[in-house]
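Read the structure below first, then the notes.
The values are calculated or read from the model by the stated rules, or taken from the named source; none is laboratory data. The model shown is predicted, which means the values in this text are computed figures rather than measured ones. A quick note on method: Cβ atoms are made from the backbone with ideal geometry, for glycine too, and the neighbour counts reach across all protein chains shown. What goes into the accessible areas is simple: the full protein's heavy atoms, side chains included, and nothing from ligands, DNA or RNA. Shrake-Rupley method; radii C 1.70, N 1.55, O 1.52, S 1.80 Å.
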Amino acid sequence: MKTITLNNGVKIPIIGYGTYKVKEQAECEKCVEQAINCGYRLIDTAQAYGNEEFVGNAIINSGIKREELFITTKIWFNNFEGNDAYDSAIKSIEKLRVDYVDMILIHWPYGNYYNAYRALEKLYDQKLVRAIGVSNFNPDRFIDLIKFNKIAPMVNQIETNLYCQRDEERKYLNKYGIAHQSYAPLGQGKQLEMFNEPLVLKLANKYGKTSAQILLKHLIEKDVIVIPKSSNEERIKENINVFDFNLTVDEINALNALNKNAPTGGKPETAERTEQAMSWV
Ligand code: NAD
């Protein structure tokens, strides 16, 4: 499995299994176990997904050695004040049935995220987490965070897919040594045009792959870590079966040209999106 080395030397798999909306216990346990069985080593969850216990059960049931996995969770913004960030992270570790997690992210740059980030620094110092980072942070937010804290984030998890490639943001991620992790690498399955782009179909045909595999491989070729989600066993397998072909530089550039700077979920910095987010708590 290809890995990316984070700015503290920790290696993270280039592909992982996302668990957003895999909320129902039996389904979540089954899907995470299937993902582990077919080769995923990174599992992405979050306090807000309500499934950390189920992910924990699946890890135990899979029988895999703890050190072979890379488990990520995220602190939700109603847990950012006072000791809540630290305490909720400890609860997440317990729910996941592990002694430490591999990565904890600040889920959104809303509320008292400075306080929450300092709790992550403490957990990192205590070796309860191997890497810390942020999610949904635009460059202005992470530049500011780096200036006023001890430890620079190791990862920023942001929506990234064919129609929202984040090349401008990646220049700053590279400059500050932060790895780029994509959520919604398949546009949450909501943008079917992405799957039906003539170039994507042509490349799928050329390499004997599916559109989803071309979309994921395009990001992987650019060293973007992807965490596709599916509850369907065939698709879980399909999404990780992307390492037996390589796109050419010209093909990568042609796919780059299809960027529309249009995130499926809306731009985090807009008033509309922020108002929407406030209603999540
Ligand atoms: P995604 O882009 O992974 O899309 C998932 C959907 O794509 C599926 O529900 C299905 O409809 C479709 N799909 C999956 N595999 C397919 C295939 N092989 N062929 C055709 N269609 C396929 O979207 P996501 O789940 O939102 O993002 C992935 C993960 O990123 C999440 O599960 C979660 O772990 C994480 N995430 C993080 C944030 C954040 O704010 N940090 C937000 C959203 C998601």
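Some values worked out for this structure:
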read-out	value
Pair list, Cβ under 9 Å, 6 or more apart: the range 205-216 residue closer than 16 Å to N161 by Cα, other residue within 10 Å of the ligand (Cβ to nearest atom) and of a type in the set (D, E)	T210/E238; A212/E238; Q213/E238
Filter result for N259 (more than 27 Å from K23 (Cα to Cα), in contact (Cβ under 8 Å) with a residue 24 or more places away in the chain and open to solvent by 30 Å² or more (accessible area, probe 1.4 Å))	yes
Pair list, Cβ < 6 Å and 6+ apart or interchain, from the range 122-136 residues that are in contact (Cβ under 8 Å) with a residue 60 or more places away in the chain to residues that are within 14 Å of the ligand (Cβ to nearest atom) and not in a strand (DSSP E or B)	S135/H107; N136/W108; N136/P268
So K127, is it part of a loop (DSSP other than H, G, I, E, B) and within 15 Å of the ligand (Cβ to nearest atom)	no
Inter-residue pairs, beta-carbon under 7 Å, first within 19 Å of K21 (Cα to Cα) and touching a residue at least 40 places away in the same chain (Cβ under 8 Å) and in the range 230-242, second more than 10 Å from the ligand (Cβ to nearest atom) and not in a helix (DSSP H, G or I), 6+ apart	I236/C38; K237/C38
Residue satisfying all of: in the range 31-46; charged (D, E, K, R) and within 15 Å of the ligand (Cβ to nearest atom); farthest from V242 (Cα to Cα) among these	D44
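So that you can scan it fast, the table gives a plain yes or no per residue for (1) away from the ligand (no atom under 13 Å from the Cβ); (2) surrounded by fewer than 18 Cβ atoms within 10 Å (Cβ to Cβ):
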residue: K11; (1), (2): yes, yes
residue: V55; (1), (2): no, no
residue: S88; (1), (2): yes, no
residue: L96; (1), (2): yes, no
